[in-house]
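Below: one structure, written as structure tokens.
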Amino acid sequence: MSEPLRIVVAKPGLDGHDRGAKVVARILRDAGHEVIYTGLRRTAQQIVDTVRDEDARFLGLSSLSGAHNHLFPKVCQLLVEEGLDDVIVFGGGIIPFEDREKLFSCGMKAIFGPGTPTTEILQFIEQACEVSGSGVGENGTWHWESSA
Amino acid sequence: MDLELVKSAIDGERRPLARVLSSLENRNLTLDEIKNQFPKIFEDKVSDSWSSIAITGAPGVGKSCLIDKILINWSSMGIKTALLAIDPSSPRTGGALLGDRVRITATDNDEYKDLIYIRSIATRKSSGSAPLIVSDMVEFLNAIGWQRVIIETVGSGQSEVRCAAITDRIVVVEGPARGDGVQAEKAGLLELADAVVVNKSDLPGAEQHASELKESFELGVGQVPPIMLTSAFTGDGIEHVSSTLLQLEDSGRSNKAKWRERLLAHHERKILESDKLDEILENLAIGSTSIEEALKILGDD
């Protein structure tokens, strides 16, 4: 059996809603992965430090407060600055479709809105492992087209 | 082999350190290989007292919050501390939710964050509150300059003593109102404790529980371990516990028991790492092999 993936699920900024993050953490756990949950209200730097120290392959960011356009790119930028180029970053929450292109251009590989089937997130994880250059700083062109 | 990675970790880089720990955990790299290549770093003892300590106790007594306060205290003294926080893996899917970081605030302080390394670890296939591989991780962390390593075990019950196999010292955390005086007299984990902390002293019943524990230890053999009251919530008693733990002596009551746990842990690892394990489990499940036959096959490896 291959080793479980290590995945950090994080809540950046002042947003206090983590039902979604917990559901995602739970489905990843039930799919056999090791999920590290950061808890609420983390700064971009704290999230990057956690990803580094936990040797995570994936980082999932959750935001429902509308601050994603500020916080998600900041996390991506710090990851690259600290040499964590190969970490695969995805996001979820209340994120309008018109905002998503910009987030993809920062290196994020998927954005999932409310109503996404949980199986779709697992399919994304599987596919992102196979696509080369899907790390946040690796300039790959592929990203996941989500249904919601 | 990841020699470059090991070298960068020795030089103090954090991501290579995290990678090396993963390699050890996944068994892509063994501690012996590191020792062969870099014997020098293992020569000096980093601490004249203990170097690894297990913090254990039932779920919900406040282990994580207490550890957070201890990390803050030790960091303020400039002590480099690593925390290996262990949570259980699902026996069904192998997945795990590692949530101990949620309670940690010590790393929020920019002055302290370089003095603290936190790593969440899942028990994976091993039974018990701490997998044996953790002892290799501890040795490597000690060798590259992390002076003290705290192991936060899975929240454990009365009889969980596996952590004795991997650490120099054991601290048992208790809470107030943990049943009547008879609970304090029961055999198990408490007998191996080098110190006992009764947390949540701001709640009623903590002092009484501490004195029941003290009476129980006084009836036994050997010296009575320190029994301390704290409230991780208000901060009461934290300074005393932090300084006492740094100087904590081996209670000496548990040497044979520790070796018993080590022996069991190594034996278990041998079984869990066997190539034949999956096949044997399947045969056991369909009834084509008996337990006796299975043990014989595994023993022949």
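The values are calculated or read from the model by the stated rules, or taken from the named source; none is laboratory data. Since the model is a prediction, treat every value here as computed from it, not as a measurement. Glycine gets a Cβ as well: all are built from the backbone with ideal geometry, and neighbour counts include every protein chain shown.
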Quiz item: Does A:Arg41 meet the test of being within 11 Å of another protein chain (Cβ to nearest Cβ) and within 17 Å of B:Arg14 (Cβ to Cβ)?
Solution: no
Self-check item: Selected residue (only one of B:Thr93, B:Thr105 is farther than 28 Å from B:Glu249 by Cα, modelled with pLDDT under 90 and among the β-branched types (Val, Ile, Thr))
Solution: B:Thr93
Practice problem: Give A:Val136, A:Val131, A:Val87, A:Val75 a once-over and let me know the one that is modelled with pLDDT under 95, crowded, with 21+ Cβ neighbours inside 10 Å and hydrophobic (A, V, I, L, M, F, W, C). | Solution: A:Val136
Quiz item: Of all strands (runs of 3 or more DSSP E) completely enclosed by segment B:54-125, which ones contain at least 3 residues that are more than 9 Å from chain A (Cβ to nearest Cβ)?
Solution: B:81-87
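Take B:Ser242 and tell me if it is of a type in the set (S, T, N, Q) and assigned to a loop (DSSP other than H, G, I, E, B). Give the steps one after another, and end with the answer.
Working: of a type in the set (S, T, N, Q): yes; assigned to a loop (DSSP other than H, G, I, E, B): no.
No; evaluated as a whole, the condition is false for this residue.
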Quiz item: Which pairs have Cβ atoms under 8 Å, sit 6 or more apart or on different chains, and link a residue in segment B:25-47 that is within 14 Å of chain A (Cβ to nearest Cβ) to one that is polar (S, T, N, Q)?
Solution: B:Leu29/B:Ser23
Exercise. Among the residues of segment A:19-38, count how many are touching a Lys or Arg at 6+ places or on another chain (Cβ under 7 Å) and within 11 Å of chain B (Cβ to nearest Cβ).
Key: 4
Practice problem: Please work out which residue is modelled with the lowest pLDDT, limiting yourself to segment B:245-261 and to residues that are among the charged types (D, E, K, R) and surrounded by 16 or more Cβ atoms within 10 Å (Cβ to Cβ). | Solution: B:Arg253
Quiz item: When you go through A:Glu82, A:Glu3, A:Glu54 one by one, which is the residue that is buried (at least 23 other Cβ atoms within 10 Å of the Cβ), of a type in the set (Asp, Glu) and within 11 Å of another protein chain (Cβ to nearest Cβ)?
Solution: A:Glu54
